1. With (1) part of a strand (DSSP E or B); (2) more than 14 Å from chain A (Cβ to nearest Cβ); (3) open to solvent by less than 60 Å² (accessible area, probe 1.4 Å) as the list, and B:Thr253 as the residue in question, which single condition is left unmet?
2. Being more than 19 Å from A:Val34 (Cβ to Cβ) and exposed (fewer than 15 other Cβ atoms within 10 Å of the Cβ) is the filter; apply it to the range A:278-297 and report the residue that is modelled with the highest pLDDT.
3. Here are some residues: B:Pro136, B:Pro119, B:Pro73. Which one is within 13 Å of another protein chain (Cβ to nearest Cβ), open to solvent by 30 Å² or more (accessible area, probe 1.4 Å) and touching an Asp or Glu at 6+ places or on another chain (Cβ under 9 Å)?
4. Would you check which residues across the range A:105-124 are modelled with pLDDT of 95 or more and among the small types (Gly, Ala, Ser) and list them?
5. I'm checking my understanding of the structure. Among residues of the range A:228-287 that are β-branched (Val, Ile, Thr) and within 14 Å of chain B (Cβ to nearest Cβ), which one is nearest to A:Tyr193 (Cα to Cα)?
6. When you look at B:Asn243, is it more than 20 Å from B:Asn315 (Cα to Cα) and either open to solvent by 20 Å² or more (accessible area, probe 1.4 Å) or not in a strand (DSSP E or B) (or both), yes or no?
7. Inside the range A:492-507, can you point out the residues that are on the phi < 0 side of the Ramachandran plot, surrounded by fewer than 18 Cβ atoms within 10 Å (Cβ to Cβ) and not hydroxyl-bearing (Ser, Thr, Tyr)?
Amino acid sequence: MLLITLLFIVSFSKETNQTVLNSQDTVELKLVEVYSAPLDKYSFGQSLQKIDSRDLNEFQGQTLADLLQQRSGLFLRQYGAGMLASLTMRGTSAGHNAVFWNGIPINSPSLGQADFSILPVGGFDEATIHYGSSGALYGTDAIGGAIHLNNKSTFNKGHQTRVASTVGSFGRWNQLVEYGYSNGFYSSRSRVYRNTSKNNFKFRNLARAGSPEERQNNAAIEQIGAIQDLAWNIGANQQLSTSIWWNQTDRQIQPVMGSNDKDRQEDRNFRAVLDYNKFTTSAIWNIKTGVVLDQLQFNNSINKTSQFLLSSDIDWTISEKLKSKSGLRFNHVIGNLSSYEATEDRLELYQSINFLPSPSLSFSVNLRQMIFNGDFAPFTPSIGSEWTFFKNNKSTLSTHSSLSKSFKIPTLNDRFWVPGGNPDLESEESISAEIGLIHVFDNKRFFISSQINIYNMWVDNWIIWLPRGNFWSPENIREVRNQGLEYFITAKKTFNLTQLEFNGSYNWTLATILNTISENDRSEGNQLPYTPFHKAQGNLRLTHKTNTAFINGYWVGERYINTDNISSVAAYGILDIGFSKSLTFISKVKASVGFQVNNITNNDYQVLRLRAMPGRNYLINFNLSL
Amino acid sequence: MKNLRFFGHLLALSLFIYSCDGSKVERPLGEYEKGLLIINEGNFTPRDGDVSHYNFNTGEIQQNIFEKVNNRPFAGLVQDLIEYEDYFYLVANTGKVEIINKNTFESLGSVEGEELNIPRSAIIADNKIYIADWGPYNASFSNPESFIAIVSNVTGGVVSKKIETSSRPEKLHRINNDILIACTAARKIDVLGIGDDAISKSIEIPGTPAEFLELDGKLLLFSRTSSSVFFHEIDKNDYSIVNTTEINIPNPTSNLASGENGEAYIITRDGSNNSISKISITTGQIINANFFEGSGFYGIGYDKIDKYIYVADNNGFQGSGTVIVVNQNGEEVKKITSGAAPSGFVFKR
């Protein structure tokens, strides 16, 4: 039935979202931009959302976790302010989303997930959220969705310098300095940053008799990093580009309320990527090589992983109506963990096809097969479609749908941790179907775009660590059904020099446990822990000439702390306000100053149980570019 | 209308009778004075330890009674619950001891802050609280700075003195004017003199000491290895071991409940297969090695009134647990829903 529906419900090309270049334009545009493969090209039927560049500016030096929590409908499990933050997409677990930096996967191969609290805003130029199961496009982990972080360099801009500073409450000082030079053939950009916070906010300690107000102890953060981007236009139709990112985060680990722990964590992350692109009138050939070195030291326990990646693909424009991308990716993984050592080779073959039978109808088919250490991961196909069924000079109505399979191979820790690692684990698997509707109205003075997605996903072989005698061991034991709804709205009203804009989103998520793990387990039919049923977020922005004021709010519904669904962490809502002004001194010297008050109502809240979060706090931003 | 007036008279009369009845000097029963208290250690990440109350008469279960009474979460992992006079001492291995009214569960005080690390148990003597604490972990996850913390007020306050122990202190027992400390890592009993508050001697013990028992007027120390359990009879004057009963049982845990006539029930754990072994301490024999079987067994208790064995199932630390009530024939009688990671019982009959 779903297939029949899919055949009928199809939709339109995403020209409104398409800010990256189309393959047809590449020959012309490659001279002014460093090319990166458009993320949404083979994803008809699914939704991608690019994080607003103004949000990136306002969060300069803060964590990507904070940005996504405050400015998107996604929920992040934050273990305190600036502490470990894992993302849950469409009701899946922390490891069920893939994270890419300039096209290379950066989820830790030992933990199987990324810590969004050590990805600083400012360490990349663009962030894009891919909602929903996308394993056929991206490989392992992308069960609930994917996050893409990209650097975006340009040619022909001459000398460029940027300084961005943020100071704020609790000893926050974020500083970034950037210098770049580019001409028609060569582009270079260097960035260094340092983000620090004492993080000694006040909170009500619920774990102590009388719940006294205390200052948070042992939660200071210091992060430094450097980024180098280089690109060359080699001849008329070839380009070479590279990005290198060194990031170092030293943290005192904020203890759970009532604990006197004095843990420390030091993360060292080195990532480098080199791309070669050759452009012809009908094809783009890409060779990508990358390295990701991660070191995580928790107190005296050191865990290191290395990934060496080589991939190549050809993106053909066979005809106006048919496009194809074929490729392979090889990843050599080395794990030197505190309790074991392991290596792994991962080979992936993938094929993507776009079929556009008419300007209003598009299909994507994606296929992927991964082999890891000689074992076949589940074969992963997906099919999606978009259909614009109504269009006039002001309104467009379109619908999209997709059916996709995804998977996550067991992490190195799942398989090899001593004691308890289980080498016989199978990959986690999901099947997902979604359908959506987009309406866009634009009469030049008023623009409104709204989108609704409804999905239904089934995840099996979900890995859970369970006590087995004297140690814990992981098993493919849980089965979960994820259903939900995502709603996005953008509205803009323009009056002469004034613009009023609203961006909002709402997520309704049901993540239902379908089975029990033992005779006395009562979790069947219950919601997964720390998965809110509801999250809503909205940002209202008023711009008049060079002045901007915004009010941002988000609300997260209650989260159960266990699979028994008895105790929960209370729902909370946070309101932030801000004001900024842009200044132009001489034609090429631009500056902006901003002032923000976060959590203006001084709400006492926790994201996860007994993990204190800060009350009202202040930020002042200053940006200068010349 | 007449009926209504008659009902009014009846109501007035009943109020009068009730008020006469209430004039007797009789303390109202505290809500949690009678019944079964289930100690729920709690799961590590959410720190959701608390106590459940089960009413033997109505079968009603109340979860998280500390939080319910005090309007705040206990916020810790409950390692032990100690009774002394009108108080309960809830010992959290996450770094605090809360003192509550044992009948109402109202918080009366606490010992908390930087002074405690990993408290395991406590005992009250000489109007002071003696808290067994493993001390902080070092890089190799051992605890070289274990101690007994002394608090000079039975309702809590600051730690006035710390006394180093020979290794991780676990259960405590008061005898004469001394406190015997079961030190697990070093397999010793440390003897702490009450008053001078110093360790006077240490006695080596075969097996890892788990807890002290009294049986037929004798003081016993239960200890174990991976293949045996030991019941050491301790001389009540010089604390030397005068007699040892060894019973060969594979994979015994420290969870033991004393039954009738010198019998005891002990949880054994072989991988994910758990058993209750019924043994006789008196004869040194195994009565039934597989008296009751299952998985996730995390605590055990014995109710001397109905002679049932209460087995706590932690459900793999995935959400709340279950208490399985087992009769003398090893048959399941009923199940009671508990909080997270149930680990022990207090029977208030």
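1. Among (1) part of a strand (DSSP E or B); (2) more than 14 Å from chain A (Cβ to nearest Cβ); (3) open to solvent by less than 60 Å² (accessible area, probe 1.4 Å), B:Thr253 violates only (2).
2. A:Ser282
3. Checking each option against the conditions leaves just B:Pro136.
4. A:Ser108, A:Ser110, A:Gly112, A:Ala114, A:Ser117 - these are the residues of the range A:105-124 that are modelled with pLDDT of 95 or more and among the small types (Gly, Ala, Ser).
5. Just the residues of the range A:228-287 that are β-branched (Val, Ile, Thr), to begin with: A:234, A:242, A:244, A:249, A:253, A:256, A:273, A:280-281, A:284, A:287.
Then drop every residue that is not within 14 Å of chain B (Cβ to nearest Cβ), which leaves A:253, A:256.
Details: A:Ile253: 22, A:Val256: 29 Å.
Among residues in the range A:228-287 that are β-branched (Val, Ile, Thr) and within 14 Å of chain B (Cβ to nearest Cβ), the one nearest to A:Tyr193 (Cα to Cα) is A:Ile253.
6. On the way: more than 20 Å from B:Asn315 (Cα to Cα): yes; either open to solvent by 20 Å² or more (accessible area, probe 1.4 Å) or not in a strand (DSSP E or B) (or both): yes.
Considered against the rule, which asks whether it is more than 20 Å from B:Asn315 (Cα to Cα) and either open to solvent by 20 Å² or more (accessible area, probe 1.4 Å) or not in a strand (DSSP E or B) (or both), B:Asn243 comes out as yes.
7. At the first step, the residues of the range A:492-507 found to be on the phi < 0 side of the Ramachandran plot are A:492-495, A:497-507.
Of the ones still in play, those that are also surrounded by fewer than 18 Cβ atoms within 10 Å (Cβ to Cβ) are A:492-495, A:497-500, A:502, A:506.
A:Lys492, A:Lys493, A:Phe495, A:Leu497, A:Gln499, A:Leu500, A:Phe502 - these are the residues of the range A:492-507 that are on the phi < 0 side of the Ramachandran plot, surrounded by fewer than 18 Cβ atoms within 10 Å (Cβ to Cβ) and not hydroxyl-bearing (Ser, Thr, Tyr).
Residue by residue, here is whether (1) modelled with pLDDT of 95 or more; (2) open to solvent by 10 Å² or more (accessible area, probe 1.4 Å); (3) closer than 30 Å to A:Ser339 by Cβ; (4) not small (Gly, Ala, Ser) holds:
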{"residue": "B:Ile131", "(1), (2), (3), (4)": "yes, no, no, yes"}
{"residue": "B:Ser146", "(1), (2), (3), (4)": "yes, no, yes, no"}
{"residue": "B:Ile150", "(1), (2), (3), (4)": "yes, no, no, yes"}
{"residue": "B:Ile163", "(1), (2), (3), (4)": "yes, yes, no, yes"}
{"residue": "B:Ala186", "(1), (2), (3), (4)": "no, yes, yes, no"}
{"residue": "B:Asp196", "(1), (2), (3), (4)": "no, yes, no, yes"}
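The values are calculated or read from the model by the stated rules, or taken from the named source; none is laboratory data. Fair warning: this is a prediction, and the values are worked out from it, not measured in the lab. Don't worry about glycine lacking a Cβ; one is built from the backbone with ideal geometry, like all the others, and counts go over all protein chains shown. Each accessible area value is taken on the protein alone, full model and side chains, heavy atoms only, with ligands, DNA and RNA left out. Shrake-Rupley method; radii C 1.70, N 1.55, O 1.52, S 1.80 Å.
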